[in-house]
Amino acid sequence: MIRKLYEKDKDNLMNFLMEEASLNLFIIGDVLNTGFEQDYMELWGEFIGDEIIAVLLRYYNNFIPYYKDGSNVDVEQFKKIIASHKKKKLVSGKYEIVMKFTDALQDVQGSRKFFCELMDKTKLLKENDKFNIKKATVEDANRLSVFLESIEEFNNTGEDRDMLENSIRTKTGRFYFIEDEEGKIVCTAGTSAETKHAAMIVDVATSPQYRNKGLAVNCLSKLCIDTLKDCQGICLFYSNEKAGKIYHGIGFETTGNWMIAAEK
């Protein structure tokens, strides 16, 4: 049986998700930080008796399905829920799971990513004053959104101004950025789904003409150092080897696979 989840289901849901806490960081963070009563967030669960065996999250237009390997899940019913959402949408999550949901989307474009966790905090770079790294406020949300839209790799991430602003305002995420001499954003890195347990790194981006100058690695290092004052761990995902070398160089290790399938 599949039904919507509510506050009464929280303990049962959290026990289910915490068995693979890193992979479920987005869902865990949204449940702990947002609850069950927001119009931009919905949760459904599949049950056998009182036991949850699968979960589907909608956060704005982003859907995240999750279930354990080998579970006999009603994937078709979950796909109908996703397909009924009228706006342009995407599905993200564990690679093996998302691959079974791509046909719930129209004109789909998929991106496979490597999932990493920060294992060696000593490799993070100490703050370098020459980069003048700034922490974003709510007033910077539109600028950040416009900047990310200008980066080719972020065309189908599902990030938008409302999500950025909500994340900063509710302190469920934070964003740092670097500007050029004219005050234009040229590099950024952020977090999402922050809880006391962990945070997910998102939106690490640099303008093409400013790459290979150390901006991203310094911005990301400061972000991680500050975030670790409030969170026990940090995760991220990446799709290209060059980015992977940067992340591995500051203490991240690959632990799994992630996928984003988005409607064009």
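Brief remarks on what is shown
- Across segment 1-77, the relative contact order, built from alpha-carbon pairs under 8 Å that are at least six residues apart, equals 28 percent.
- Whole-angstrom gap from segment 46-108 to segment 115-138, using each part's C-alpha centre: 33
- Among SER221, SER150, SER167, the largest mean-square fluctuation in a Gaussian network model of the chain (Cα springs under 10 Å) belongs to SER150.
- Based on protein heavy atoms only, segment 39-174 ends up with 55 Å² per residue of surface accessible to a 1.4 Å probe.
- Centre separation in Å (Cα based) which lies between segment 160-183 and segment 192-264: 15
- For segment 12-84, the fraction of 1.4 Å probe accessible surface lying on carbon and sulfur atoms is 43 percent.
- Relative contact order of the chain, defined on C-alpha pairs under 8 angstrom at six or more residues apart (%): 24
- Most mobile listed residue (GLN109, GLN209, GLN77) in the chain, GNM with C-alpha springs under 10 Å: GLN209
- Sparse packing (at most 12 other Cβ atoms within 10 Å of the Cβ) combined with a DSSP loop state is found for the following trypsin sites (Lys or Arg not before Pro) in segment 139-244: LYS171, LYS184, LYS196, LYS229.
- Karplus (6.51, -1.76, 1.60) ³J(HN,Hα), θ = phi - 60°, over segment 169-181, in Hz, Gly and Pro reported as x: 5, 8, 6, 8, x, 9, 9, 10, 8, 10, 10, 8, 5
- Amide H within-cut-off set for GLY233, under 5 Å, with H built and near neighbours excluded: ALA198, ALA199
- Under the combined filter of DSSP loop state and at most 14 neighbouring Cβ atoms within 10 Å, segment 1-75 retains these trypsin sites (Lys or Arg not before Pro): LYS68.
The values are calculated or read from the model by the stated rules, or taken from the named source; none is laboratory data. Note that the structure is predicted; figures quoted are calculated from it, not measured. Ideal geometry is used to build each Cβ from the backbone, glycine not excepted, and the neighbour counts take in all protein chains shown. We work out accessible area using only protein heavy atoms, side chains counted, and drop any ligands, DNA or RNA first. Shrake-Rupley method; radii C 1.70, N 1.55, O 1.52, S 1.80 Å.
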